[in-house]
Amino acid sequence: MAPASPSPAAVAAPAKRGPGRPRGSGKAGGKTTSRGKAREVLTEYVSGLEPKRLLEHAEEIQLAKQVQRLKALEEIYLQLSAANANATTSKATSKATSKAPSKATASKKAPQSAAEAIAADGGASRVQWAKAANVSVAVLREQLRDGKAARERIVESNVGLVGHAVKLLKRSSGGRLDQGTTEADLLQEGCIALLRAAEGFDVSMGVRFGTYATFWVRAAIRRAVQEQTRIVRLPSRVQNTYGKIMRATDVLSVSNGGAQTPSEHDVSAELMKSDIKLSPQRVRQIIAQVRVRPTSLDASLSRSGDDHQRTVGDLVRDESRVQPEAEMVDESLRSDLAALMRKYLREDEAMVLSMRFGLEDGQSRTVRQVAEATGLTYSRTKHVLFSALSKMRKPHVALALRDYMAPDT
């Protein structure tokens, strides 16, 4: 029986707006209004923030098997690529000249990595790949797609482990992270570790994926903090040794009830019990090396909203720069001294005296160097220098420079 067609009145009557439907959310003239479109985008964004449902143990086993199969296919592809590369190299060396590849051959070139091949559902070499995996091409493509989906699903469902690990790190450090890294950086490192954990997870271990991935996530975040929070990165062996020193220090603090801080000798003796040979001097050196952190002079000290951006370099005093008052006194002394030398000394005496004590360029010279520069003999230069000093030490000449001398001289 054919369905009854709606009446003309029903067709002509406009649809009533429901009680929960806001105004302006419908379509006008076949186009969604801007307010309705913005609401749809916001709803989609908020729904994306909803955490994924945790997986059951049976689902983890199934997904882990699919990921393991994907990993096995990747290894087969890498072996196949290595064999093809060796064959191509041997063939190229056997022929002196080779023809240029055609456009069709270049377009069917196999991907260079297993990730590219998986993204292309096997790529141009899917026939060889399927033959090496002892499956059909259809089954190969299905296993690749299932493996990718399983890896993404198992990571998305356990991404909360990364956020929990970052929160624990912030709580242990007083609610803040060290300079040089951000919470987003640590979340990224933790998600990368989650991907590696999904590829290495084995259901035969008898543990849940969350338990297995926690080790990977915490290790990745700890490594990121060690490598990214310092301007000068310390070697990992120094970080590991520092961790052993801190554990020995905690053991000693618990044993003595926290009455006093263990010394380097006590820490060295405690480490010796675990066959770790570190002298007290080495313990002190490692602790100082890890705890002392250089600060960038470009680090900002301004608060948000300040017009003037201040840095740490603005607070550092430049010891090499002469103060303005000293510059004025020095300039005045040079001017008065030059006037006295022009008044009481001959030209050769003024030149020798200026070069000997560096009155013009600030570089003092020996008598022999002055003689070589002026072309005079050593004895003549010495005689001229003594004559100039005798004239400048006369009371009526030295009186003009007495104000520049220190009070105790």
Normalised contact order of segment 160-228, rounded percent, pairs of Cα under 8 Å and 6 or more residues apart:
41 percent
Quick one: which residues, 5+ away or cross-chain, put their amide H under 5 Å from the amide H of Thr311? H built at 1.01 Å from N.
Leu301
Taking r as the C-beta separation of Arg196 and Glu325 and R0 as 56 Å, the FRET efficiency to the nearest 0.05 is 0.30
Note down the nm distance, to one decimal, between modelled labels 7 Å out along Cα→Cβ at Val316 and at Val292.
1.6 nm
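If the limit is 20 Å between Cα atoms, which of Lys343/Lys391; Lys65/Lys148; Lys170/Lys244; Lys343/Lys394 go over it? List each step's numbers first, then the result.
Values: Lys343/Lys391 11 Å; Lys65/Lys148 12 Å; Lys170/Lys244 22 Å; Lys343/Lys394 13 Å.
In this structure, Lys170/Lys244 lie more than 20 Å apart at Cα.
Given the peptides 371-380, 183-192, arrange them by the average over their residues of other C-beta atoms within 10 Å, most packed first.
Working: 371-380: 13.3, 183-192: 17.2.
Peptide ranking by packing, descending: 183-192, 371-380.
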Between Arg282 and Arg233, what is the label-to-label distance in nm when each label sits 7 Å out along the Cα-to-Cβ direction?
2.5 nm
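No value in this document is a laboratory result; all are computed from the given coordinates. Quantities reported herein were computed from a predicted structural model and do not represent experimental measurements. Virtual Cβ from ideal backbone geometry, glycine too; neighbours counted across all protein chains shown.
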